[in-house]
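Accompanying notes for the structure given below.
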Amino acid sequence: MPDKNKIAIYPGSFDPLTNGHIDIIERALEIFDKVIIAVLNNPSKKALFTMDERVKMIKQSFNGKSCILVDSFGGLLVDYAKMKNAVAIIRGMRALSDFESEFQMALMNRKLNKDVQSVFLMTGLRWIFTSSSIIKEAAQFGGDITDMVPEPVLLKMLEKFPKIQG
(Lines give C-alpha, C1' and ligand atoms only; values in the text may rest on other atoms or scores of the structure.)
Protein backbone atom coordinates (compact mmCIF):
# COMPACT_ATOMS: atom_id res chain seq x y z
CA MET A 1 0.00 0.00 0.00
CA PRO A 2 1.44 3.42 -0.94
CA ASP A 3 2.42 5.94 1.69
CA LYS A 4 -0.50 8.32 2.36
CA ASN A 5 1.84 11.15 3.33
CA LYS A 6 2.21 13.59 0.48
CA ILE A 7 5.82 14.75 0.48
CA ALA A 8 7.15 17.74 -1.46
CA ILE A 9 10.74 18.81 -2.02
CA TYR A 10 11.62 22.50 -1.84
CA PRO A 11 15.10 22.74 -3.39
CA GLY A 12 17.46 25.68 -3.35
CA SER A 13 20.78 27.03 -2.24
CA PHE A 14 19.19 28.91 0.69
CA ASP A 15 22.30 31.08 1.05
CA PRO A 16 20.70 32.33 3.26
CA LEU A 17 17.12 31.28 4.04
CA THR A 18 14.81 34.29 3.78
CA ASN A 19 11.34 35.10 5.05
CA GLY A 20 10.22 34.75 1.42
CA HIS A 21 11.37 31.11 1.51
CA ILE A 22 9.53 30.62 4.81
CA ASP A 23 6.35 32.03 3.25
CA ILE A 24 6.57 29.47 0.42
CA ILE A 25 7.28 26.60 2.84
CA GLU A 26 4.38 27.48 5.15
CA ARG A 27 1.97 27.68 2.21
CA ALA A 28 3.31 24.41 0.77
CA LEU A 29 2.44 22.79 4.11
CA GLU A 30 -1.20 23.70 3.47
CA ILE A 31 -1.06 21.38 0.44
CA PHE A 32 1.45 18.70 1.47
CA ASP A 33 1.90 16.66 4.65
CA LYS A 34 5.68 17.11 4.69
CA VAL A 35 8.13 19.43 3.02
CA ILE A 36 11.77 18.49 2.63
CA ILE A 37 13.93 21.58 2.36
CA ALA A 38 16.69 20.27 0.12
CA VAL A 39 19.81 22.42 0.22
CA LEU A 40 21.60 22.12 -3.10
CA ASN A 41 25.28 21.34 -3.02
CA ASN A 42 26.53 23.34 -5.99
CA PRO A 43 30.34 23.52 -5.94
CA SER A 44 30.38 25.95 -8.90
CA LYS A 45 28.55 28.59 -6.82
CA LYS A 46 30.46 30.67 -4.28
CA ALA A 47 28.32 30.45 -1.15
CA LEU A 48 28.49 32.83 1.81
CA PHE A 49 27.63 30.01 4.22
CA THR A 50 28.86 26.43 4.23
CA MET A 51 26.42 23.61 3.61
CA ASP A 52 26.46 22.71 7.32
CA GLU A 53 25.79 26.33 8.33
CA ARG A 54 22.84 26.60 5.93
CA VAL A 55 21.31 23.31 7.10
CA LYS A 56 21.75 24.30 10.75
CA MET A 57 20.20 27.78 10.25
CA ILE A 58 17.20 26.27 8.47
CA LYS A 59 16.68 23.67 11.21
CA GLN A 60 16.91 26.38 13.88
CA SER A 61 14.45 28.57 11.95
CA PHE A 62 11.81 25.84 12.04
CA ASN A 63 12.64 24.73 15.58
CA GLY A 64 12.19 20.99 15.02
CA LYS A 65 8.76 21.20 13.33
CA SER A 66 8.06 17.54 12.51
CA CYS A 67 6.43 18.20 9.12
CA ILE A 68 9.64 19.89 7.87
CA LEU A 69 12.78 17.94 7.13
CA VAL A 70 16.07 19.58 6.17
CA ASP A 71 18.56 17.75 4.00
CA SER A 72 21.27 18.42 1.43
CA PHE A 73 21.70 16.87 -1.98
CA GLY A 74 23.71 16.90 -5.17
CA GLY A 75 22.86 15.45 -8.56
CA LEU A 76 19.51 15.30 -10.33
CA LEU A 77 16.63 16.68 -8.34
CA VAL A 78 14.14 14.14 -9.73
CA ASP A 79 16.39 11.28 -8.60
CA TYR A 80 16.53 12.80 -5.13
CA ALA A 81 12.73 13.28 -5.14
CA LYS A 82 12.20 9.64 -6.10
CA MET A 83 14.57 8.48 -3.36
CA LYS A 84 12.56 10.51 -0.81
CA ASN A 85 9.16 9.31 -2.16
CA ALA A 86 8.19 12.89 -2.98
CA VAL A 87 5.24 13.59 -5.25
CA ALA A 88 6.13 17.20 -6.01
CA ILE A 89 8.85 19.79 -6.36
CA ILE A 90 7.94 23.20 -4.96
CA ARG A 91 9.20 26.31 -6.70
CA GLY A 92 8.62 29.88 -5.59
CA MET A 93 7.98 32.51 -8.23
CA ARG A 94 8.52 36.21 -7.57
CA ALA A 95 7.94 37.73 -10.98
CA LEU A 96 7.40 36.97 -14.62
CA SER A 97 11.18 36.94 -15.07
CA ASP A 98 11.35 33.74 -12.96
CA PHE A 99 8.86 31.95 -15.22
CA GLU A 100 10.96 31.07 -18.27
CA SER A 101 13.81 29.31 -16.47
CA GLU A 102 11.42 27.64 -13.98
CA PHE A 103 9.22 26.44 -16.86
CA GLN A 104 12.23 24.93 -18.67
CA MET A 105 13.37 23.16 -15.49
CA ALA A 106 9.86 21.84 -14.85
CA LEU A 107 9.63 20.45 -18.39
CA MET A 108 13.01 18.73 -18.05
CA ASN A 109 12.09 17.29 -14.65
CA ARG A 110 8.80 16.05 -16.12
CA LYS A 111 10.65 14.36 -18.98
CA LEU A 112 13.07 12.70 -16.53
CA ASN A 113 10.36 11.55 -14.11
CA LYS A 114 6.67 12.00 -14.95
CA ASP A 115 5.62 10.90 -11.45
CA VAL A 116 7.00 14.02 -9.77
CA GLN A 117 4.91 17.15 -10.31
CA SER A 118 6.22 20.71 -10.32
CA VAL A 119 4.15 23.04 -8.15
CA PHE A 120 4.65 26.78 -8.49
CA LEU A 121 3.70 29.06 -5.62
CA MET A 122 3.71 32.81 -6.04
CA THR A 123 5.68 34.61 -3.36
CA GLY A 124 3.56 36.74 -1.06
CA LEU A 125 3.51 40.41 -2.06
CA ARG A 126 5.46 41.34 1.06
CA TRP A 127 8.43 39.24 -0.14
CA ILE A 128 8.27 39.82 -3.90
CA PHE A 129 11.47 41.90 -3.94
CA THR A 130 13.38 39.61 -1.56
CA SER A 131 16.17 37.30 -2.68
CA SER A 132 19.13 35.78 -0.90
CA SER A 133 21.48 37.73 -3.19
CA ILE A 134 19.93 41.11 -2.49
CA ILE A 135 19.83 40.41 1.26
CA LYS A 136 23.54 39.49 1.26
CA GLU A 137 24.38 42.66 -0.65
CA ALA A 138 22.36 44.86 1.72
CA ALA A 139 23.96 43.18 4.76
CA GLN A 140 27.45 43.62 3.32
CA PHE A 141 26.92 47.39 3.30
CA GLY A 142 25.27 47.56 6.72
CA GLY A 143 21.62 47.63 5.58
CA ASP A 144 18.78 46.67 7.89
CA ILE A 145 17.70 43.12 6.99
CA THR A 146 16.06 42.30 10.32
CA ASP A 147 12.57 41.83 8.87
CA MET A 148 13.77 39.85 5.84
CA VAL A 149 15.33 36.79 7.49
CA PRO A 150 14.48 34.58 10.47
CA GLU A 151 16.36 35.26 13.72
CA PRO A 152 18.87 32.34 13.45
CA VAL A 153 19.88 33.64 10.02
CA LEU A 154 20.14 37.22 11.24
CA LEU A 155 22.47 36.15 14.07
CA LYS A 156 24.70 34.27 11.63
CA MET A 157 24.64 37.22 9.19
CA LEU A 158 25.76 39.52 12.04
CA GLU A 159 28.82 37.30 12.50
CA LYS A 160 29.74 37.84 8.84
CA PHE A 161 28.63 41.48 8.63
CA PRO A 162 28.81 43.18 12.06
CA LYS A 163 27.74 46.56 10.59
CA ILE A 164 24.16 45.39 9.92
CA GLN A 165 21.72 47.94 11.30
CA GLY A 166 18.59 46.91 13.14
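Numerical summary
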{"item": "Column: log10 I(q)/I(0), Debye, Cα scatterers of region 1-40, q = 0.29, 0.35, 0.36 Å⁻¹", "result": "-1.00, -1.20, -1.22"}
{"item": "Accessible-area ranking of Arg27, Arg126, largest first, probe 1.4 Å", "result": "Arg126, Arg27"}
{"item": "Heavy-atom accessible surface of region 79-166: percent carbon and sulfur, 1.4 Å", "result": "57 percent"}
{"item": "Sequence of Arg94, Arg110 from largest to smallest accessible area, 1.4 Å probe", "result": "Arg110, Arg94"}
{"item": "Nonlocal amide H pairs with Ile9, under 5 Å, H built at 1.01 Å", "result": "Ile36, Ala88, Ile89, Ile90"}
{"item": "Accessible area in square angstrom per residue, region 1-150, 1.4 angstrom probe", "result": "57 Å²"}
{"item": "Per-bin percent of Cα-Cα distances, the chain [5 Å]", "result": "2, 8, 18, 20, 22, 16, 8, 4, 2, 0, 0, 0"}
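The values are calculated or read from the model by the stated rules, or taken from the named source; none is laboratory data. No experiment lies behind these values; they were computed from the predicted model shown. When the accessible area is computed, the model is the full protein with side chains, heavy atoms only, and any ligands, DNA or RNA have been set aside. Shrake-Rupley method; radii C 1.70, N 1.55, O 1.52, S 1.80 Å.
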